[in-house]
Amino acid sequence: MTGLIKEIMPQHVAIIMDGNGRWAKEHGVPRVAGHRAGMESMKKIVDHSDKLGIKHLTVYAFSTENWKRSTEEVRGIFKLLVTFVNRDLRELIKNNVCVKILGDFSSIPEDSKKALEKTIEDTKNNKGLQFNIALNYGSRDEIRRSVETIAHKVKAGELEPSDISEDVISEYLWTGNMHADCPDPELIIRTSGEQRLSNFLLWQAAYSELVFSDALWPDFSTEEYERCIAEYQSRDRRFGGR
Ligand code: FPP
C-alpha cells in the first residue's frame, strides 16, 4: 500500500470493468476468453480491496443493456459467474466477504441464479468486505423501481407526498437500506479509457470522484488500482461547499 493514506481510504469503491472485448481482440482469442481474464482480474481486486481496508466494493458485471450481446457471449458471462462463485466461495467465506447482488437477477439462467442465491445465503453474516455485483443492473431502472415502490406507498396511505425526501428515494434503490445497504461510493473507477457512467449508480454518483484508467480490465493490476485510489486521495472534495 505504498503512498496511500489509511485515514482517507474510500469506504465504497465502484468499478466499471471495461475492456474485456478489446483485450480478447488484442490477444486473438474469443470475447468470452476476455471475460474469463476479466473474472481473474475481478478476483484479484476483491482480495486487494479487502487488504486495503475498503468496506464496500461494487462491480458492474452485467447491465440491463448487455442482453443485446450475442447469446454465446451472454451465456459465457453467466457461466463465468457460476465458475467464480463455485470456485471461490470457500475462500470468500474464509475471508469474511459478504456478497450482494444489485439488480433484478430473477431472469438470469437458472443455474447461475441458484449458485448466486447460495453464495448470498452462505456469506450473509460475514462482516468483512461487502462485495456487490451489479447484475442485470441499470440505474434508470433502479430509480424507476424506487419511484414505483414509493408511489404504491403513497397510494396505500403509508406515505405523504411531502415525505418523499432524497433519503426516501435512496432507501428503495438497490444500494438502499432495504437491500444492499451501503453508502454512496466516494470513488468510481472506469477502465479502458472510456469516460462515461453508462447507466451505473447515477443517483449514488452525485458526489463521487471519477477516476479513469487506460488499462483494459483484464490488465488492471493492483498497482494501477492503488494509483487510482491515490488519485482520489489527492482530490479536493468540497461537496458543493467552498
Ligand atoms: C465490459 O467489457 C465487461 C462486461 C460487459 C462484463 C464484465 C464481466 C466480467 C468482468 C466477467 C466476470 C464477471 C463475473 C461477475 C463473473 P466489454 O466486453 O464491454 O469490452 P469492450 O468494450 O472492450 O468490448
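The values are calculated or read from the model by the stated rules, or taken from the named source; none is laboratory data. Please read all numbers here as calculations on a predicted model, not as lab measurements. Neighbour counts are summed over all protein chains in view; Cβ atoms, including those assigned to glycine, are modelled from backbone coordinates with ideal geometry.
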statement: Checked pairs for segment 119-135, first in contact (Cβ under 8 Å) with a residue 60 or more places away in the chain and in a strand (DSSP E or B), second crowded, with 16+ Cβ neighbours inside 10 Å and of a type in the set (D, E, K, R), C-beta under 7 Å and 6 or more apart or across chains, list as Q130/K55; Q130/K100; N132/K100
- line: W23: passes all of (1) in a helix (DSSP H, G or I); (2) more than 8 Å from the ligand (Cβ to nearest atom); (3) touching a Leu at 6+ places or on another chain (Cβ under 7 Å) but (2)
message: Conditions first: (1) surrounded by fewer than 20 Cβ atoms within 10 Å (Cβ to Cβ); (2) acidic (D, E); (3) touching a residue at least 12 places away in the same chain (Cβ under 8 Å). E91 passes all but one, so which condition is the exception?
response: (3)
- prompt: Which residue out of D184, D141, D167 is assigned to a loop (DSSP other than H, G, I, E, B) and farther than 22 Å from F84 by Cβ?
  reply: D184
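Here is a list: E160, E148, E73. Which entry is closer than 24 Å to C182 by Cα and either surrounded by 11 or more Cβ atoms within 10 Å (Cβ to Cβ) or of a type outside the set (V, I, T) (or both)?
Values: E160 fails: closer than 24 Å to C182 by Cα; E73 fails: closer than 24 Å to C182 by Cα.
Unique residue meeting the criteria: E148.
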Out of L52, L57, sole residue that is farther than 20 Å from D18 by Cβ, touching a residue at least 40 places away in the same chain (Cβ under 8 Å) and surrounded by 15 or more Cβ atoms within 10 Å (Cβ to Cβ): L52
field: Selection within segment 211-235 - surrounded by 15 or more Cβ atoms within 10 Å (Cβ to Cβ) and not in a helix (DSSP H, G or I)
entry: V211, F212, S213, A215, L216, F220
message: I want to confirm something. Restricting to segment 77-98 and keeping residues that are away from the ligand (no atom under 13 Å from the Cβ) and under 15 Å from the mean Cα position of the chain (by Cα), which single residue is farthest from K44 (Cα to Cα)?
response: C98
message: Consider segment 171-206. How many of its residues are more than 25 Å from W217 (Cα to Cα), in contact with an Asp or Glu (Cβ under 8 Å, 6 or more places away or on another chain) and at pLDDT 95 or above?
response: 1
message: Can you tell me which residue is nearest to K127 (Cα to Cα) among those in segment 56-76 that are within 16 Å of the chain's Cα centre (by Cα) and within 11 Å of the ligand (Cβ to nearest atom)?
response: V59
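For segment 122-136, does any single residue satisfy the condition of being within 16 Å of the ligand (Cβ to nearest atom) and over 16 Å from the mean Cα position of the chain (by Cα)? Quick ask: steps written out before the conclusion?
We begin by selecting, within segment 122-136, every residue within 16 Å of the ligand (Cβ to nearest atom); these are 123, 129-136.
When the remaining residues are screened for being over 16 Å from the mean Cα position of the chain (by Cα), the result is 123.
Checking segment 122-136: at least one residue is within 16 Å of the ligand (Cβ to nearest atom) and over 16 Å from the mean Cα position of the chain (by Cα).
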task: List every residue pair whose Cβ atoms sit under 8 Å apart, with the two residues 6 or more apart in sequence or on different chains, where the first one lies in segment 1-28 and is within 19 Å of G138 (Cα to Cα) and among the small types (G, A, S) and the second, anywhere, is more than 14 Å from the ligand (Cβ to nearest atom) and assigned to a loop (DSSP other than H, G, I, E, B).
output: A14/P185; A14/L201; A14/S208
statement: With criteria (1) more than 25 Å from E209 (Cα to Cα); (2) small (G, A, S); (3) within 13 Å of the ligand (Cβ to nearest atom), G28 comes up short on (3)
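Could you tell me which of the residues D111, D18 is of a type outside the set (V, I, T), closer than 19 Å to V211 by Cα and either within 11 Å of the ligand (Cβ to nearest atom) or assigned to a helix (DSSP H, G or I) (or both)?
Details: D111 fails: closer than 19 Å to V211 by Cα.
Residue meeting the stated conditions: D18.
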